[in-house]
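Below: one structure, written as structure tokens.
The values are calculated or read from the model by the stated rules, or taken from the named source; none is laboratory data. Only a predicted model underlies this, so the values are computations on that prediction, with no experimental measurement involved. For neighbour counting, all protein chains shown are included, and Cβ atoms are generated from backbone atoms with ideal geometry for every residue, glycine included.
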Amino acid sequence: MRRLADRVRAALALLGPLGTGTRALLLRLIGQFGWKTVGAGAAVAVYTALRYRTWIAWMIAAWCVAAWMHAPDETAEPEGEQPPAEAPMDPLPDILWELIGDAPGVHLKTVVEHLHESGLDTTCDRAAVRAALGRRGIPVRGSVREADQRVNQGVHRADLKAWEEARSPAAVEASPKTRSNPATTPVTCDVAEPATAVATPPTPAD
């Protein structure tokens, strides 16, 4: 009996939509009337077909129509399935470019002040910003010169550009000066997590 069922399933798989509809129709009939009733009906149908051979074509045609009506629509998307949502864009690199402008780089202190003043993150400190940069893999130099010629720990424009090119070479062909629009997405430095300093040797300021 199991071998016969396996052969029937294999034959239905070869029939494509007709086989899928036949399987769905059989399952519906068995679920509604029980397999004994369906088996008895099938026996009556076979006996009728053998006794009245002219009915075979009509019975096959009727069954095919019913099977096709129960075949699932392969082009329809499953209910409740939605396309995957795009990952939110990280606003931190744009904030860094906005603060760097035409300068060689930006200090971590300047980033913290900007986050506080803009309300994007009013609780972060330099250690939290340094940890956030470390998690993203953005290098932090010990000596970076800002536009006012002051030198402090921060992010150099060359390092930020190299980091972006390493992530997506085609996305950083334009000059960083084109990044003039401030980011409006809320930023968090994950102050609750322990700060992890980035081990980078001091480099001479530009």
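Taking T178 as the residue in question, decide whether it is modelled with pLDDT of 50 or more and either under 18 Å from V106 (Cβ atoms) or surrounded by fewer than 16 Cβ atoms within 10 Å (Cβ to Cβ) (or both). Criteria not met by T178. Here is the figure for the range 111-145: residues that are part of a loop (DSSP other than H, G, I, E, B) and closer than 20 Å to E164 by Cβ total 4. Restricting attention to the range 91-105, the residues being within 13 Å of D159 (Cβ to Cβ) and within 23 Å of the chain's Cα centre (by Cα) number 1. Pairs meeting the criteria (first residue in the range 151-166 and surrounded by 15 or more Cβ atoms within 10 Å (Cβ to Cβ), second residue hydroxyl-bearing (S, T, Y) and not in a helix (DSSP H, G or I), beta carbons under 7 Å, at least 6 apart or on different chains) are V151/S143. G137: buried (at least 19 other Cβ atoms within 10 Å of the Cβ) and at pLDDT 90 or above, yes or no? Against the criterion (buried (at least 19 other Cβ atoms within 10 Å of the Cβ) and at pLDDT 90 or above), G137 does not qualify.
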